[in-house]
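Written below as structure tokens is the structure these notes are about.
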Amino acid sequence: MEGQSDFNRWFGRAKTLVLQPTTLCNLDCVYCYLPFRRLGNEMSSEVARAVAASAVDLTDSGDELDIVWHGGEPLALGRRKFAALLAPFEELRHAGRIQHSVQTNATLIDDEWCDLLAQYQIHVGVSIDGPAALNTRRVDLRGRPAFDRIVRGIRRLANYGIRFSLIAVVGAEGIKQPESLLDFLADLGPHTIGLNVEEMEGVNDQQCGITQDQAERFWYGVLNWRKTHDGGPALRELDRLADYLGLARSGRGDEWCRYGLDPIPTVSVDGDVVLLSPELAGIGDDAYGDFLAGNVRSQSIASMLDQAHRLRYAREFMAGLRRCEAECEFWDFCRGAQACNRYFENGSFATTETDYCRLTRQALITALYTATTKEIAT
Ligand code: SF4
Ligand code: SF4
């Protein structure tokens, strides 16, 4: 059996802690993977204090840790309770050892929330899938479109001067119109746009039916849009590719991912911790059990990471990574994509290809190849 040294070969230090302040969400998006989004389970101050104590260990090297509040809908907790969860981290924040981020649907953002977000210097990520016609699957609990409320919240952030990023799930319609999708998102004024081609995960077990050919044409359109929108918002996926190509071109390709994959400890409302993919929180099956690495009230996250090689799904994922490294021509750039997609799509972490890696990693590289060869030919 592989030991901890094997885990350390693939994984670096935790750069991100994902925290679930509440399971509740005020929306009911058609593709949502969260199983308990209608339940109002909330993180206690005791759990937040335990996470902050763990964050002390995880930042003693001097590297900053990103604390990502990701529900449910984190703002559904209310400002007072949310501020109480932030309080145990204040010393670390003032020392520059942690930085807060929140991933929100923006529908609850008002000026008081903007005050709080500014006070704690929280990075804000908003989920919106494009203009109204592409956003129809983001609906409230009564099935009504959430589009107007999302845009209102985004405009409030912009008016208040809070920097925000946007993340869009690109479905079967959005995949056909990269330029108009990006025009719309860029007009909202984000500093970064992330594009998630729809995938199968958690309780969202619907295949979206997007083909690799469609995905390649989509990324080709994204690359073209970038060329004509210099000075526009950063595009997360293209920036990652540019970082890789920059290193590879200067003969420093081995520095890409040199610090390893982020094990992404994810802490649920009751302190339970899963590793590798936040989507594994709150689920389980006969083969893998509950995916738990431990509970932060009784064990530090650093010690859970020290024992991570004992987890069946971590061992299997490492076997999958080994196969990726040996077999896949996209390995140098990709470095293995997401653990959860292997499980949700293939039923095992020891596998390699998934729709996610085909549509997001492989299709992006082949689109770049097509764009480059066309440029050389003209
Ligand atoms: S806003 Fe997020 S958490 Fe809420 S239903 Fe939609 S995808 Fe799920
Ligand atoms: S593209 Fe897919 S198969 Fe290739 S390295 Fe990435 S995850 Fe593995």
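Here the 3J(HN,Hα) profile of segment 162-174, calculated from phi with Karplus coefficients 6.51, -1.76 and 1.60 at θ = phi - 60°, is 8, 5, 9, 10, 10, 10, 10, 7, 9, x, 4, 8, x Hz, Gly and Pro shown as x. Ordered by 1.4 Å accessible area with all protein chains kept, Arg49, Arg138, Arg236 run largest first as Arg49, Arg236, Arg138.
Extension gain, Thr373 to Arg79: 0.36 nm times the residue separation minus the Cα-Cα distance gives 100.6 nm.
Accessible area per residue was computed with a 1.4 Å probe on protein heavy atoms; Lys374 scores about 110 Å².
Proximity of backbone amide H atoms, modeled 1.01 Å from N, is registered between Gly294 and Val273 at under 5 Å, excluding neighbours fewer than 5 places apart on the same chain. With a 1.4 Å probe rolled over the protein heavy atoms of all chains, the accessible area of Glu255, Glu375, Glu73, Glu91 falls in the order Glu91, Glu375, Glu255, Glu73, largest first. Determine which residues of segment 65-87 fall in the zone a paramagnetic label at Arg152 would reach in this model, i.e. backbone nitrogen under 19 Å from the point 7 Å along Cα→Cβ. Taking a point 7 Å out along Cα→Cβ of Arg152, the residues of segment 65-87 whose backbone N falls under 19 Å are 73-79. Sequentially through segment 142-157, phi angles give Karplus couplings (6.51, -1.76, 1.60; θ = phi - 60°) of 9, x, 7, x, 9, 3, 4, 5, 5, 5, 4, x, 5, 5, 5, 4 Hz, Gly and Pro residues having no value and appearing as x.
Using the Karplus relation 6.51 cos²θ - 1.76 cosθ + 1.60 with θ = phi - 60°, the per-residue 3J(HN,Hα) values for segment 38-44 come to 9, 9, x, 6, 10, 6, 8 Hz, with x marking Gly and Pro. Charging the Cβ of each Asp and Glu at -1 and of each Lys and Arg at +1, and nothing else, the dipole of segment 14-255 about its Cα centre rounds to 540 debye. The mean of 1/r over all pairs of different alpha-carbon atoms in segment 14-255, once inverted, gives a Kirkwood hydrodynamic radius of 19.3 Å. Accessible surface for Arg155 stands near 120 Å², nearest 10, in the context of the full protein assembly shown (1.4 Å probe). Using 0.36 nm per residue and subtracting the Cα-Cα separation, the extra length available between Lys176 and Ala302 on full extension is 41.0 nm.
Overall, the accessible surface of segment 14-255 at a probe of 1.4 angstrom is composed of carbon and sulfur to the extent of 48 percent.
A straight chain from Asp270 to Leu116 at 0.36 nm per residue would run longer than the Cα-Cα distance by 53.0 nm. Considering only Gly209, His191, Leu27, the residue lying farthest towards the positive end of the dipole of the chain is His191, judged by Cα position with unit charges set on Cβ. Heavy-atom accessible surface of segment 14-255, averaged per residue, reaches 45 Å², computed with a 1.4 Å probe. Database remark: amide H of Val170 closer than 5 angstrom to the amide H of Asn196, Val197, Glu198 (H placed geometrically; neighbours at sequence offset of 5 or more, or on other chains; Pro and chain starts carry no H). For Leu235, the residues whose modelled amide H falls within less than 5 Å of its own, excluding neighbours fewer than 5 places apart on the same chain, are Ile193. Placing unit charges on each Cβ (+1 for Lys and Arg, -1 for Asp and Glu) gives segment 14-255 a dipole about its Cα centre, and among Trp113, Tyr244, Thr228 the Cα reaching farthest toward its positive end belongs to Trp113.
The values are calculated or read from the model by the stated rules, or taken from the named source; none is laboratory data. Predicted model only: the values in this text are computed from it and were never measured. Here the Cβ is made from the backbone with ideal geometry for all residues, glycine too, and neighbour counts use every protein chain on show. Side chains included, ligands, DNA and RNA excluded: accessible areas come from the protein's heavy atoms. Shrake-Rupley method; radii C 1.70, N 1.55, O 1.52, S 1.80 Å.
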